Every structure is written in structure tokens, then in C-alpha cells.
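Here is the structure we will look at.
The values are calculated or read from the model by the stated rules, or taken from the named source; none is laboratory data. This is a predicted model, so every value here is computed, not measured. All Cβ positions, glycine included, derive from the backbone under ideal geometry; neighbour counts span all protein chains shown.
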Amino acid sequence: MKKRKSIVPVLLCVAALMTACGEEKAAETPSMFEEVGTETQGQQADQPEQNAVQTENADANTDAITEDQAYVAVINYNEAIGSGIDGEINSEGYTEYWDVSTNEDNKIVVLYRSYTGAQIRYYVDPISGETYVTELVPGIIDEEQENGEKFNARDYLTAEQSDEKTAEASSSVPVENETADGFMGSFLLASDKDKIDTTNEYGVLYRVIYDASLEGDELIACGSMDYRNFKDQDPITISSDVKHVFKVDGNTVYQKEGEEGTETLSKEDFAGLLDSRKDSGMYFGIEISGGVVKTVTLAAQ
């Protein structure tokens, strides 16, 4: 009986040990799946980032500039710089038109075809708004090439934005009240504003007026102009980008020169001509005497 009593506890101990081992193994088993679970959690952790990127891209695409907006921005931009190019189409039989499309690079292309045959294209990035301009003039520039003109279409989506951008640019330009007797001149080339302070192939500084107006007793010309003591003298100085302000009075003579000679205009007619020829390349010449403009002339080149 003593043996029996002693064997039973031993068996119970063995059973207890086996049970304990079984429990330990059972406890170890889930750890194999915990590793898999950790990897899955890592993948799930990456998912929100992927979703965020997708959402960001979706938002960017939603906010992308449309073809209609690109066209409006180009019109507003040209009005802001006074290029003379606007939404008005010549209806007198000339082949003049606007066209808007999206090319294979997903750039919006706003094309202006003037009655002269010149083709100006504005390439607008619909996401960033960054825009560059090219020209093609059959017989003169037979291959499309960038003209150096760049802007951001998002700055010109509305007329209000355009006005703010123009005011911002003009506020940073120094003002010079021109009263010294002599002659000053430049060329009306609004689209060549970026060429100010640069030289041509002959090393001569560009003279560019990108905005000009005649109001009240002030004649204003923004850009670079040369100064000479005498009309036929070579330029003594060529200014940087300056808002030149000239005084006019009742004795100021307004002229237009062309193939048919010199024509004297009224102040109102000259103001209208000046406003419509801001990117014409016409020569803008001023004679100053006694601190006041004696004659101002627009001459075809």
C-alpha cells in the first residue's frame, strides 16, 4: 500500500509536468503568428501614407487650371503688360483667331494667330501654372522658339489678380521726372520687357518701353530709354527699368511718322495711338525743352 501511495503522487507530478509543458508550448505557438501579425500591421501602417498621397494627387488634379481658365489668364496677362493682344478679334477679313488645346505632355496650349500670320503660343502647366511663350513667324522665324517671356497663369486667373500683379510690379520701379533738355527715345515692345539691361548680338543695350500712357499733363513711359543732347547724336546714356515721367502742356506737338511722312495728331488721338501700339516696335521719341515736352513722335520702323 505504501508503494501505491508513493506511485500516485509521482504520476500526478508527471501529469502536472506534462500539463505544464503542454501549456508552455501552447503559449509559444501564438508567437509564430505574432511575427506575421507584426508584418501585416506594418503594411497597414503604410496604407494611410499611400492614401494621403492619393488624396493629395486627387486634390491637385481637382485644383488644376482648365483650358478656359488658361485662356482667361493669358488675356489678363496681355492686358496687364499692355501688349495690345486681347480677346477682340479683327473681323475685317483677316485670319486672326485664338485656339486652346491640351498637348500630349498635358500642357495647355493657348494659341494666338495674328492677322500678320505670326503665331504666339502660351504653354500653361495646369498644376503649377508656370507658363512660357513661343513665337513662330512664317518667313521670319520658321521654327517655333521660346521668346524668353514667362509668367504664372495663376497670378492672372481674374482681372483683380492681374491688377494687383501690375500694381506690385510698378511699385518696385523707380520714378524719374525727366526735365533735362535734350532728346530721349526707345521702342514700344511690351513683350520684350525681360530684355531690359541685356545686350543684343552687337553688345548694345536693348531699349524697351513696356507701358506708356498720356494723361492730363503727364506723359509716362515705363522701361529703358536713351538720352542724347542732340537728335542725331549717339546715345550718351541708356537707363535701366525706370518709370519716366515727362511734363506736357498746350504747346506740345504730337506726331506720327510713316511711309507717307509726318502727321500731326491731336492729344486725344495720340493717346489712343500710344495705347494701341504698346508692342508694335514703333520708335518713341521725345524732345524736351525748358523742362517740358516740345514734341513727341511715334515712328514706324
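Values as computed for the structure displayed
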read-out: Hits in the range 139-157 (condition: of a type outside the set (A, V, I, L, M, F, W, C) and either modelled with pLDDT under 85 or assigned to a strand (DSSP E or B) (or both)); value: Gly139, Asp142, Glu143, Glu144, Gln145, Glu146, Asn147, Gly148, Glu149, Lys150, Asn152
read-out: Residues of the range 230-254 classified as of a type outside the set (Gly, Ala, Ser) and either closer than 23 Å to Pro174 by Cα or touching a helix residue (DSSP H, G or I) at 6+ places or on another chain (Cβ under 8 Å) (or both), total; value: 14
read-out: Residue selected from the range 184-236 under the condition modelled with pLDDT of 90 or more and of a type in the set (S, T, N, Q), by the criterion nearest to Tyr254 (Cα to Cα); value: Ser213
read-out: Test: residue in the range 191-211 that is assigned to a strand (DSSP E or B), surrounded by 12 or more Cβ atoms within 10 Å (Cβ to Cβ), touching a helix residue (DSSP H, G or I) at 6+ places or on another chain (Cβ under 6 Å) and in contact (Cβ under 8 Å) with a residue 60 or more places away in the chain; value: yes
read-out: Single residue of the range 212-235 satisfying the filter (crowded, with 17+ Cβ neighbours inside 10 Å and in a loop (DSSP other than H, G, I, E, B)) that is nearest to the chain's Cα centre (by Cα); value: Ser224
read-out: All positions within the range 106-131 that are closer than 17 Å to Glu146 by Cβ, in a loop (DSSP other than H, G, I, E, B) and modelled with pLDDT under 95; value: Ala118
read-out: Residues of the range 78-99 classified as within 25 Å of Asp194 (Cα to Cα), at pLDDT below 90 and surrounded by 14 or more Cβ atoms within 10 Å (Cβ to Cβ), total; value: 8
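Yes/no matrix, rows are residues, columns are (1) free of Cβ contacts under 8 Å to residues at least 40 places away in the same chain; (2) over 17 Å from Gly182 (Cα atoms):
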residue	(1), (2)
Val245	no, no
Gly250	yes, yes
Lys267	no, yes
Leu273	yes, yes
Ser276	no, yes
Lys294	no, no
